[in-house]
Amino acid sequence: MVTQCIRDHLSCIRNQIEKNEIEAPPAMDDLLIVLTGLLEKSDKNSLQPVINLTGTILHTNLGRAVLPQNAIDAMSLVAASSSNLEYDLHSANRGDRDSHIEALIIELTGAEAATLVNNNAAAVLLVLNTLAVGRQVPVSRGELVEIGGSFRIPDIIKKSGSHLVEVGTTNRTHLTDYKNAINSDTALIMKVHTSNYHIQGFTKSVSEEALAELAKVSQLPLVIDLGSGTLIDLRKYDLPYEPTVKESISKGADIVTFSGDKLLGGPQAGIIAGSRDLIQAIKNNPLKRALRVDKMTIAALTETLKLYRDPDGLKDKLPTLRYMTRDLGEIRKMADSLLAPMSRIFGETVTVSIKEVHSQIGSGSFPADLLPSVAIALKPAKLKLAKSGADDEKSSNKQLRELTDNFRNLPRPVIGRINNGELLLDLRSLDNADLILSQL
Ligand SMILES: *Cc1c(COP(=O)(O)O)cnc(C)c1O
């Protein structure tokens with residue numbers, strides 16, 4: 001690697017000399033500094049921690065939930081040693097990896113049984129492939145959701161080997177629409193939580209209770225894709241209402257699926273909870289093996305779920321909830337503490353100010369609700385050039401882009417968002433302000 005790096009760099013320098021871009025080779029000491037830098041760069045992992053100041057708490061592109069410390073500890077422990085992942089310590093027989101977490105999911109959701117897969121998309125795929133292959137699945141036209149990054153309900157239904165039957169219209173679906181769609185080929189009734197958008201105006205959708213009743217008389221399972229899925233009523237923390245998994249189960253859902261790394265605040269996982277017979281059939285599907293989770297996920301999710309046994313302590317221990325409920329005064333205080341040092345660092349080149357902004361929860365949770373927050377706003381100072389307005393705007397756009405690039409290229413990249421000619425650093429999810437200052 002060292003040899004190759006030196007060769008590449010020397011050839012680059014020869015090229016520059018040939019083209020008369022430089023006159024002579026750089027001094028040996030300078031060369032060594034550059035080469036050390038290049039080698040360090042090539043040794044750096046592609047996947048690395050970043051500081052998320054985008055204002056989106058659960059940012060899918062930035063890895064969604066930040067894990068609670070007890071989950072991180074549990075992952076390290078199980079990673080550093082052999083474990084009884086699929087080994088029954090009582091009988092010395094082969095065990096089931098779900099057994100370590102199933103009771104906890106049952107306790108928190110009220111379901112009879114549960115299983116775990118790679119993510120919620122895998123959960124939906126596995127449920128449909130188990131219960132509806134070659135048969136029909138009615139879904140309301142108002143619920144044919146696309147989640148970012150190519151997860152679309154119609155496509156996943158198709159890939160599962162079952163057939164989507166669209167019922168109702170985009171804005172209104174009635175119980176009779178489902179009734180009319182049911183025939184001897186129907187495998188189940190599916191409801192999808194429209195987590196990342198709202199339909200407003202002249203609208204109607206069928207409640208979980210009514211669908212459960214229809215499913216029961218039709219002797220069909222009711223499957224609900226809750227998307228985010230929360231285990232507690234978030235109104236307790238002055239957040240908007242989001243249906244809990246327990247509510248869906250108690251209203252009569254036979255299967256619910258939800259993500260581990262959205263509102264739940266844990267590792268990437270898809271949780272499937274529901275009636276014993278159906279869960280057993282799902283576990284028996286050979287695809288389950290292809291979609292199963294590893295020991296670190298089970299360890300992290302177990303610890304995350306255990307925090308839910310103490311809803312009062314949850315706010316302090318679960319980073320996702322801590323960011324969602326963070327006191328505005330605390331965020332403002334952090335902004336105040338950053339303002340003077342940052343102004344000093346940037347001097348005249350960039351105007352630093354404090355701005356009232358709105359954060360969002362993200363990952364399709366509460367799309368219409370925003371949380372008041374505070375950001376550091378950075379605006380490159382206007383160039384004192386007597387040029388036309390268009391050029392002026394072009395150059396200040398360029399400066400803003402450079403500023404954003406520079407933040408993104410820090411050893412611990414800082415990711416903000418651009419708004420109205422400013423780079424906004426929303427401090428809601430910032431844990432350590434010093435980490436920014438020391439890098440600057
Ligand atoms: C997010 C979401 C999914 C996909 O979940 P992943 O855990 O990202 O795979 C599926 N359905 C709904 C309704 C969602 O909100």
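Values quoted throughout were computed directly from the atomic coordinates according to the rules given, and no laboratory measurement underlies them. These figures come from a predicted structure and were not determined experimentally. Positions of Cβ are backbone-derived with ideal geometry, glycine not excepted, and every protein chain shown enters the neighbour counts.
Observations, loosely collected:
- Approximating the spin labels as points 7 Å out from Cα along Cα→Cβ, the T169-to-D327 distance works out to 5.0 nm.
- Rounded to 5, percent antiparallel among DSSP beta bridges of the chain: 60 percent
- Distance-filtered residues of segment 31-67 - backbone nitrogen under 19 Å, label point 7 angstrom along R7 Cα→Cβ: 35-36, 38-40, 42-43
- Pairs of Cα atoms nearer than 8 Å and 6+ residues apart set the relative contact order; for the chain it is 20 percent.
- Between G201, G252, G260, the Gaussian network model of the chain with springs among Cα atoms under 10 angstrom shows the greatest mean-square fluctuation at G201.
- Residue with peak Gaussian network fluctuation, the chain [Cα springs, cutoff 10 Å], from F202, F407, F258: F202
- Computed [θ] at 222 nm, helices only, for the chain once each DSSP H run of length n ≥ 4 contributes -39500 (n - 2.57): -12000 deg cm²/dmol
- Restriction of the GluC sites (Glu not before Pro) in segment 1-43 to DSSP coil positions whose beta-carbon has at most 12 other beta-carbons within 10 angstrom yields E21, E23.
- Peptides 235-241, 290-296, 66-72 ordered by average Cβ neighbours within 10 Å, highest first: 66-72, 290-296, 235-241
- Projecting the Cα atoms of L10, G149, T60 onto the charge dipole of the chain, computed from C-beta unit charges around the Cα centre, puts G149 farthest toward the positive end.
- Crossing angle, helix 120-131 versus the chain [Cα axis fit, 0-90 degrees, rounded to tens]: 30 degrees
- Positive-end ranking of N45, I376, G362 along the dipole of the chain, with charges on Cβ about the Cα centre, is headed by G362.
- Integer Hz, Karplus 6.51/-1.76/1.60 couplings in order for segment 347-363, x for Gly and Pro: x, 8, 6, 9, 8, 10, 9, 9, 9, 6, 9, 10, 8, 10, 6, x, 6
- The chain, Cα convex hull volume normalised per residue, Å³: 217 Å³
- For segment 234-297, diffusion coefficient by Stokes-Einstein and Kirkwood Rh (Cα), 4 °C, 1.567 mPa s, µm²/s: 95 µm²/s
- Taking label points 7 Å from Cα along the Cα-to-Cβ direction, A92 and L32 give a separation of 6.2 nm.
- Cβ-placed point charges (K, R +1; D, E -1), dipole of segment 307-360 about Cα centre in debye, nearest 20: 100 debye
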